[in-house]
Structure formats: structure tokens, C-alpha cells
1. With label points built 7 Å along Cα→Cβ from the Cα atoms of R50 and E37, find their separation and express it in nm.
2. With θ taken as phi - 60° and the coefficients 6.51, -1.76 and 1.60, list the Karplus ³J(HN,Hα) couplings across segment 57-73 in order, rounded to whole Hz; mark glycine and proline as x.
3. Mind listing which GluC sites (Glu not before Pro) in segment 1-100 are in a DSSP loop and have 13 or fewer other Cβ atoms within 10 Å?
4. I'd like the FRET efficiency for I162 and N140, computed as 1/(1 + (r/R0)^6) with the beta carbon distance as r and R0 of 45 Å, rounded to 0.05.
5. Ignoring ligands, DNA and RNA, what accessible area per residue does the chain give at 1.4 Å, in Å²?
6. When the accessible area of the chain is split by element with a 1.4 Å probe, what percent falls to carbon and sulfur?
7. If contacts are Cα pairs under 8 angstrom and at least 6 residues apart, what is the relative contact order of segment 18-130 in percent?
8. Relative to the longest principal axis of the chain, what angle (0 to 90°, nearest 10) does the C-alpha long axis of helix 24-41 take?
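The values are calculated or read from the model by the stated rules, or taken from the named source; none is laboratory data. Note that the structure is predicted; figures quoted are calculated from it, not measured. Cβ coordinates were reconstructed from backbone atoms using ideal geometry, including for glycine residues, and neighbour counts include every protein chain displayed. Surface accessibility is based on the protein's heavy atoms, side chains included, excluding ligands, DNA and RNA. Shrake-Rupley method; radii C 1.70, N 1.55, O 1.52, S 1.80 Å.
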Amino acid sequence: MILNLESVPHFYKNYVKQIEETDLIQALRISGHRMLELVHFIKEEKSDFRYAEEKWSIRELLCHVIDAERIFAYRALRFARNDKTSLPGFDENDYALQANASGRSLKKIADEIAHLRQSTIDLFESFTPEMLMRKGTASNNELSVIALGFIIAGHETHHRKILMERYLSAK
């Protein structure tokens, strides 16, 4: 099933545009695999690195990706079940402060990323084509279930690229 980019709210379009795959499950598998490859490459002693003052550490960034995936998947579940309740947004910076990122090893975070992505794939594989097209409102934006799946993959891809460009290429 192909996603119509016009149906994706402006704020999320840059995430979705980063995904080349047209099959959602394949997109989730590939983005997850690429992120895990990168995380396994990072040395534990670099995990608290910040490329600039006031920016997240590597561990904080990874925990943000985990939190966002959980929230987007929850939204997809609610909408797939035809729940019409408008869902609130979340403040990613407040969440990052409370994620206990510095108390977790990169290995533990990587394990969590892998388990979460498999759970996300299982969730989206359980949806019928009709469920994938259902819509709901979150953060004052109308979103379809399928769009949320591509947002998950695109959001992770966005942050993987930031990790490579700003964190791991720094001297």
C-alpha cells in the first residue's frame, strides 16, 4: 500500500520523504536494521557525547527515538481500532529529561530498539488494509494509521542521519 504524501501533515513530511521503500513493513525493517547497525558501531565511551552545548547526548537521542516510536505506535493502535478521541502531543525535551538515558548502556538501549521495532512491525502487520487507512487526530493533526508507520521509519531515519553527520563525524 502506497502512502499519499499529500495526506501527511507538513511537520511530518520531511520524515516520510526520507523513506525510499513503498512497502511499510519493509520500510520499518530497513530503517530499524540501519539504526541498529549504527548503534552497534558506537563505542560506549562516546555515548554521552553532545555535538553542541544544550543538545542531547547520543544516549538521549536514542531514547528520544524509542519514546517517539512508542507514542506513534500507540496513536496508530488507537486509530486502527477506530478510536475517535483526539490525542494530545508530547514535549520531546521534557521526555528526554525523564528518560534515564545516562543510566542505561548503549547495549541495553540497542536491545530495546530491536525489541520495540519488532513489536511495532508485529502491530502494523496485524492491521488490515482498511485499518491502515483509518484516521485520527493527534497534536491537532489528522493522521492515518499508515502515515504513522511511515513517520516511525522516517523519524528514525532522520535521527540516524543526524547521528552520522553531527555526532559521529565530529572530531
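1. If labels sit at R50 and E37, their model points lie 3.1 nm apart.
2. Karplus-based 3J(HN,Hα) across segment 57-73 equals 6, 4, 5, 5, 4, 5, 5, 4, 4, 4, 4, 4, 4, 4, 5, 5, 5 Hz.
3. Within segment 1-100, the qualifying GluC sites (Glu not before Pro) (loop, at most 13 other Cβ atoms within 10 Å) are E20, E53, E54.
4. 0.95
5. Result: 54 Å² of accessible area for each residue.
6. Working: 4590 of 9190 Å².
Answer for the chain: carbon and sulfur cover 50 percent of the accessible area.
7. This gives 39 percent for segment 18-130.
8. 10 degrees
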